Amino acid sequence: MTDKQILLLPGPTPVPPRVALAMARPAINHRGPEFKTLWEEVNAGLKEIFQTRSEVVILTASGTAGMEAAVTNLVSPGEKVLAVTIGAFGERFVQICRAFGIEAEVLAFPYGQAADPGAIAERLAADTAHEIKAILVQHNETSTGVLNDIQAISKARGSHPALLIVDSISGLAAADLPMDAWRVDVVIAGSQKAFMLPPGLTMLAVNERAWQAAEKCTNQRFYLDIKKARKSGLKGQTPFTPAVSLLYGLRESLHLLQAETLAGSFARHVLMRDMVRAGARALGLKLLAGDDVASPAVTAICVPEGMKPADVINPLREKYGVVVAGGQGTVKDRVFRFGHLGYVSFNDILAGLAALEAVLLDAGVSVTRGAAVAAASAVMREGMAVDIETIAS
Ligand SMILES: *Cc1c(COP(=O)(O)O)cnc(C)c1O
């Protein structure tokens, strides 16, 4: 059974069997009535996950294309944006802007920290001429395992007219982001994260203010034109051939999320986060993010003194079949990342921690045997007890 791996990645996540089966359905005409029904069901389900009444656009492409679509459909060359970065994906937004002639003013925070809404408020207050057309920010920064406070950032915007564009590719469905209630203008998601699908779809929810900006935007785009996608979508179609099988999978994963409820999904992710953090600490490992900003989707764990991330990641995979991710950006040589996002169970986390302990023991690190699993399972049991009490009351 050497092919059975436990994927603990911040995407792609494992795919539930029901979703995999749904994707095996026979082909249909993407200009026919069956597709229209599928399209409408998927759109209605997505609005629940985005917690919005706005139109959701689905593009056949990975998450980065969703980021690119948001930028190129809403900001014109020569215009300015405020790019709030707390890690590698924030830096990607900056690169996209610069590739399309947009002036990205960077408000950077150190890796491992969240953005300070006060600093954003201060910068926007100084922009009395309203030169800043959009604020670009990550909901969940996957490279560091830090969750930004989007509600506070939205409040920090105050009455400044800049659009708030949020990359929630690794956040949506794992952490709360009520788009309409928090007055977020654009939210970007991706299929291979908490949606539990293979890679290949990006979804953007776009509110009325943002659609108005799209009307005036002069930037270059063709395939990633969200206005074209919206127009076709209203007819139950897409401008170009969609990934029909992924949409079948998405319909099924939306059913799974509906059954679990959004609140249930958030609670499961938080509990998995707390298990990983307790387990890693019990092994004497340091965590990159503080408890107050820790992501429910991914945890960046520092390697012990004298070890490189590859010394942990490679034996975990080769010897124990547990697949975790490396570091990115400025912490590339210091951390590895335990994903706990999407179709991951408590048992997967316990197995991953047991394997991590074994790898450290193999490497001669002094750790208390069984400590990680004991700590994590205690957290699990407490979390489950809370659940049962909540249901009972
Ligand atoms: C995964 C991810 C992306 C990029 O998605 P791709 O599908 O690899 O293009 C962008 N932003 C965040 C926060 C992500 O986690």
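The values are calculated or read from the model by the stated rules, or taken from the named source; none is laboratory data. What you are looking at is a predicted structure, and each value in this text was computed from that prediction instead of being measured. Every residue, glycine as well, gets a Cβ built from its backbone with ideal geometry; the counts of neighbours run over all protein chains shown. We work out accessible area using only protein heavy atoms, side chains counted, and drop any ligands, DNA or RNA first. Shrake-Rupley method; radii C 1.70, N 1.55, O 1.52, S 1.80 Å.
Tell me which residues, restricted to region 232-279, are open to solvent by 50 Å² or more (accessible area, probe 1.4 Å) and aromatic (Phe, Trp, Tyr).
If the condition is that a residue be open to solvent by 50 Å² or more (accessible area, probe 1.4 Å) and aromatic (Phe, Trp, Tyr), then PHE240 is the only one that fits.
Out of the residues in region 149-178 that are more than 11 Å from the ligand (Cβ to nearest atom) and hydroxyl-bearing (Ser, Thr, Tyr), which is most open to solvent (accessible area, probe 1.4 Å)?
Here the residue is SER159.
Does region 103-148 hold any residues that are assigned to a loop (DSSP other than H, G, I, E, B), open to solvent by less than 50 Å² (accessible area, probe 1.4 Å) and more than 24 Å from GLU79 (Cβ to Cβ), and which are they?
The initial filter retains those residues of region 103-148 that are assigned to a loop (DSSP other than H, G, I, E, B), namely 109-116, 127-131, 139, 142-145, 148.
Restricting the remaining residues to those that are open to solvent by less than 50 Å² (accessible area, probe 1.4 Å) gives 109, 111-112, 114-115, 127, 139, 142-145, 148.
If the condition is that a residue be assigned to a loop (DSSP other than H, G, I, E, B), open to solvent by less than 50 Å² (accessible area, probe 1.4 Å) and more than 24 Å from GLU79 (Cβ to Cβ), then TYR111, GLY112, ALA114, THR142, SER143, THR144, GLY145 are the ones that fit.
Return the pair list, or none, for Cβ contacts closer than 8 Å from residues in region 187-212 that are farther than 16 Å from THR64 by Cβ to residues that are of a type in the set (Asp, Glu), at least 6 apart or on different chains.
Going by the 8 Å Cβ cut-off, the qualifying pairs are ALA205/GLU55; VAL206/GLU55; VAL206/ASP185; ASN207/ASP180; ASN207/ASP185; ARG209/ASP185; ALA210/ASP185; TRP211/GLU55.
Taking region 75-102 as the search range and keeping residues that are open to solvent by 10 Å² or more (accessible area, probe 1.4 Å) and closer than 14 Å to ASP167 by Cα, which one is farthest from the ligand (Cβ to nearest atom)?
Result: VAL94.
For ALA24, are the conditions met, namely being within 16 Å of the ligand (Cβ to nearest atom), at pLDDT 95 or above and not basic (Lys, Arg)?
Spelling it out, it is not the case that ALA24 is within 16 Å of the ligand (Cβ to nearest atom), at pLDDT 95 or above and not basic (Lys, Arg).
Please tell me if GLU122 is touching a strand residue (DSSP E or B) at 6+ places or on another chain (Cβ under 8 Å), of a type in the set (Asp, Glu) and more than 15 Å from the ligand (Cβ to nearest atom).
no
So is ASP185 under 22 Å from GLY90 (Cβ atoms), away from the ligand (no atom under 16 Å from the Cβ) and among the charged types (D, E, K, R) or not?
Criteria met by ASP185.
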